[in-house]
Amino acid sequence: MAMKKTTFAVNFFLKKSKLLTNGEAPICMRITVNGKRAEVQIKRSIEIEKWNSSKGCAIGKDKKHQEINLYLDTVRNKVFQIHRQMEADGKPITADTIKNIYYGGHETPKMLIETFNEHNLEYRELMNKEYAEGTVLRYERTVRYLKEYLREQYHTEDIPLKSIDYEFISKFEHFIKTNKGCAQNATIKYLKNLKKITRTALIKKWISEDPFAEIRFKQTKANRDFLNETELRLILCKDIEVERLQTVRDIFIFCCLTGLSFTDVKNLKEEHLVQDNDGNWWIRKTREKTDNMCDIPLLDIPKLILDKYKSNPICTERGVLLPVPTNQRMNGYLKEIADICNIKKNLSTHIARHTFASIAISNQVSIESVARMLGHTDIRTTKIYAKIMNSTIGHEMQVMKNKFALPIQQ
């Protein structure tokens, strides 16, 4: 990827709101890098009427004002020299970094990825002693996402901790949701990991302000709805003539019988299909969301669905196995399918994944196997589905319980 050229400017202005006792205004320098500013007081002042605002220099040919202009040139040249040296060294350039170096000579600011990696190394050393493996992996995944975000948004490999602000965090949140396909609750986990690093930086006085001060985490209630086998067969066997609905129905059924999420089925390719020594086909793919490996036996119906779309022009063009539309369209069409099949549940792409887990558990597939197929690192996540099934059994047994209830003894 070609590196995007950094925009850089140096301007001088007066701080008219903070006049000195002699009536003069302090002269300040504004450093701007990629639209972000940092201001520096340069220990010089001048009469307001002797300042040219448009040119950012002193007016007049007397010795005092000539010396001020000469000093401004010296300061500007020093800042440009710092900028050139950082470019030559391939270091990430921000207005705050240049300001810090201007003030402190060659002081190197604490960097985000560098600090995060140090934190993660400590956690990995204590894995399975103080911290669960899933926690360690999530912190490491957060760094990977941050690196991708920095490359895409800032065209750099690292950034000073002082440069993290509300805008940085908001855009990172958007990046996780759109590029990584994470829902609200999963996104919050990654943001909390980042917040832990900034809180440490605040305690150690590497930064002076909390970038998360105005940010409130809002978790959504987890949707654990799923289809039972009767409802699944109803959708599977329904005669649907509209081609777009038929395609969405096929993709939904495929996910219900493989456990793949929307993002994973959208990116499913030929390379993810493998055959074992007994001739059985498997889906072997890392999850887009977590990079965890999924090993899923390919049942007959999902295999027939793949065969059906083998020559589909959309699949050929994209190099994928199924012509998956956008998530928004999928969910919209699924609501139409629910109406056609007279299913009252709010069908969505994520219900397919829940359906797979729930039906697998109800058919005596072990929790460990379901976790492996879903790509869960922590088996506690998978156990949620077992709890759902237990509550369903209890509800369904209520009729039988009533039939065989003992008469109340007077």
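Does residue 79 qualify as being among the aliphatic types (A, V, I, L, M) and more than 23 Å from residue 43 (Cβ to Cβ)?
For residue 79, the condition - among the aliphatic types (A, V, I, L, M) and more than 23 Å from residue 43 (Cβ to Cβ) - is not met.
Looking at this structure, is residue 14 free of Cβ contacts under 8 Å to residues at least 40 places away in the same chain and touching a strand residue (DSSP E or B) at 6+ places or on another chain (Cβ under 8 Å)?
Answer is yes for this residue.
Among the numbered conditions (1) at pLDDT 70 or above; (2) farther than 24 Å from residue 133 by Cα, tell me where residue 389 comes up short.
(1)
Within segment 157-186, track down each residue that is assigned to a helix (DSSP H, G or I), acidic (Asp, Glu) and either at pLDDT below 90 or closer than 15 Å to residue 119 by Cβ (or both).
167
What number goes with the only condition from (1) under 21 Å from residue 44 (Cβ atoms); (2) surrounded by 15 or more Cβ atoms within 10 Å (Cβ to Cβ); (3) of a type in the set (Asp, Glu) that residue 67 does not pass?
Condition (2) is where residue 67 drops out.
Tally up the residues in segment 223-262 that are surrounded by 15 or more Cβ atoms within 10 Å (Cβ to Cβ) and closer than 13 Å to residue 325 by Cβ, please.
9
Check 292, 312, 346, 363 and return the single one that is modelled with pLDDT under 90 and over 19 Å from residue 261 (Cβ atoms).
363
Search segment 19-45 for residues that are in the same structural domain as residue 71 (by TED's automatic domain parsing) and pair each with any residue that is surrounded by fewer than 17 Cβ atoms within 10 Å (Cβ to Cβ) and aromatic (Phe, Trp, Tyr) when their beta-carbon atoms are under 7 Å apart and the residues are at least 6 apart or on different chains.
Filtered contacts from segment 19-45: 28/13; 30/13; 44/71.
Within segment 112-136, how many residues are of a type in the set (Lys, Arg) and either farther than 27 Å from residue 163 by Cβ or in contact (Cβ under 8 Å) with a residue 60 or more places away in the chain (or both)?
1
Among the residues of segment 134-184, write down those that are over 9 Å from the mean Cα position of the chain (by Cα) and among the hydroxyl-bearing types (Ser, Thr, Tyr).
The answer is 135, 139, 154, 156, 163, 166, 170.
Within segment 248-307, how many residues turn out to be closer than 23 Å to residue 332 by Cβ, aliphatic (A, V, I, L, M) and out of contact with any Phe, Trp or Tyr (no Cβ under 6 Å at 6 or more places or on another chain)?
Final tally of qualifying residues: 6.
Among the residues that make up segment 328-335, is at least one of them polar (S, T, N, Q) and either over 19 Å from residue 228 (Cβ atoms) or not assigned by TED's automatic domain parsing to the domain that holds residue 264 (or both)?
The answer is yes, given that some residue of segment 328-335 is polar (S, T, N, Q) and either over 19 Å from residue 228 (Cβ atoms) or not assigned by TED's automatic domain parsing to the domain that holds residue 264 (or both).
Looking at this structure, is residue 50 without any contact (Cβ under 8 Å) to a residue 12 or more places away in the chain and either in contact with a helix residue (DSSP H, G or I) (Cβ under 9 Å, 6 or more places away or on another chain) or charged (D, E, K, R) (or both)?
Considered against the rule, which asks whether it is without any contact (Cβ under 8 Å) to a residue 12 or more places away in the chain and either in contact with a helix residue (DSSP H, G or I) (Cβ under 9 Å, 6 or more places away or on another chain) or charged (D, E, K, R) (or both), residue 50 comes out as no.
Within the group 157, 87, which residue is among the acidic types (Asp, Glu), under 30 Å from residue 29 (Cα atoms) and not assigned by TED's automatic domain parsing to the domain that holds residue 196?
Answer to the selection: 87.
Only one residue in 283, 240 is part of a loop (DSSP other than H, G, I, E, B) and either closer than 18 Å to residue 315 by Cβ or over 22 Å from the mean Cα position of the chain (by Cα) (or both), so which one is that?
Every option except 240 fails the conditions.
Quick grid of which residues meet (1) crowded, with 19+ Cβ neighbours inside 10 Å; (2) in a helix (DSSP H, G or I):
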{"residue": "116", "(1), (2)": "yes, yes"}
{"residue": "146", "(1), (2)": "yes, yes"}
{"residue": "151", "(1), (2)": "no, yes"}
{"residue": "155", "(1), (2)": "no, no"}
{"residue": "202", "(1), (2)": "no, yes"}
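Do we find that residue 78 is surrounded by 16 or more Cβ atoms within 10 Å (Cβ to Cβ), of a type in the set (D, E, K, R), out of contact with any strand residue (DSSP E or B) (no Cβ under 9 Å at 6 or more places or on another chain) and assigned by TED's automatic domain parsing to the domain that holds residue 31 in this structure?
Against the criterion (surrounded by 16 or more Cβ atoms within 10 Å (Cβ to Cβ), of a type in the set (D, E, K, R), out of contact with any strand residue (DSSP E or B) (no Cβ under 9 Å at 6 or more places or on another chain) and assigned by TED's automatic domain parsing to the domain that holds residue 31), residue 78 does not qualify.
Report yes if residue 189 is surrounded by fewer than 19 Cβ atoms within 10 Å (Cβ to Cβ) and either outside any helix (DSSP H, G or I) or touching a Cys at 6+ places or on another chain (Cβ under 9 Å) (or both), otherwise no.
Yes: the conditions hold for residue 189.
Test residue 332 against the criterion of being free of Cβ contacts under 8 Å to residues at least 60 places away in the same chain, surrounded by fewer than 18 Cβ atoms within 10 Å (Cβ to Cβ) and either at positive phi or aromatic (Phe, Trp, Tyr) (or both), and give yes or no.
So residue 332 does not fit the description; no.
Tell me, please, whether a residue that is among the hydroxyl-bearing types (Ser, Thr, Tyr) and either touching a strand residue (DSSP E or B) at 6+ places or on another chain (Cβ under 6 Å) or not in a helix (DSSP H, G or I) (or both) can be found in segment 262-278.
No, because not a single residue in segment 262-278 is among the hydroxyl-bearing types (Ser, Thr, Tyr) and either touching a strand residue (DSSP E or B) at 6+ places or on another chain (Cβ under 6 Å) or not in a helix (DSSP H, G or I) (or both).
For segment 243-261, what are the residues that are in contact with an Asp or Glu (Cβ under 7 Å, 6 or more places away or on another chain) and either without any contact (Cβ under 8 Å) to a residue 40 or more places away in the chain or not in a helix (DSSP H, G or I) (or both)?
none
The values are calculated or read from the model by the stated rules, or taken from the named source; none is laboratory data. Note that this is a predicted model, so its numbers are computed, not measured. A quick note on method: Cβ atoms are made from the backbone with ideal geometry, for glycine too, and the neighbour counts reach across all protein chains shown.
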